[in-house]
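Take a look at the structure set out below.
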């Protein structure tokens with residue numbers, strides 16, 4: 001996982017109505033920010049003013065994004081289906 005993967009996930013989250021704070025255009029919900037402590041190394045993900053999860057800005061652990069996915073899915077995130085590998089004839 002790279003920072004590029006995190007940026008792509010943030011794009012998809014915003015397209016689906018999630019608010020992502022900590023990078024650029026994310027909308028801040030003051031009530032949520034008061035309740036949830038925000039650090040410098042993570043993005044705060046909310047939906048309809050409710051806390052969903054944190055996303056790492058730079059995932060140093062290969063499991064960091066997969067660990068966030070169940071929380072995002074429970075909040076209504078629809079990830080793209082994985083593409084099947086094409087079989088090649090040898």
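A short reminder: the numbers here are calculations on the coordinates, not readings from a lab. Predicted model, so just to flag it, every value in this text is computed and none were measured. Glycine gets a Cβ as well: all are built from the backbone with ideal geometry, and neighbour counts include every protein chain shown.
Full extension from residue 15 to residue 69: what is 0.36 nm times the residue separation minus their Cα-Cα distance, to one decimal in nm?
Roughly 17.8 nm would be gained on extension.
Would you please give the FRET efficiency between residue 87 and residue 57, computed as 1/(1 + (r/R0)^6) with r the Cβ-Cβ distance and R0 = 30 Å, to the nearest 0.05?
After rounding to 0.05, the efficiency reads 0.20.
Ranked highest first by average number of other Cβ atoms within 10 Å, how do 61-73, 7-19 line up?
7-19, 61-73
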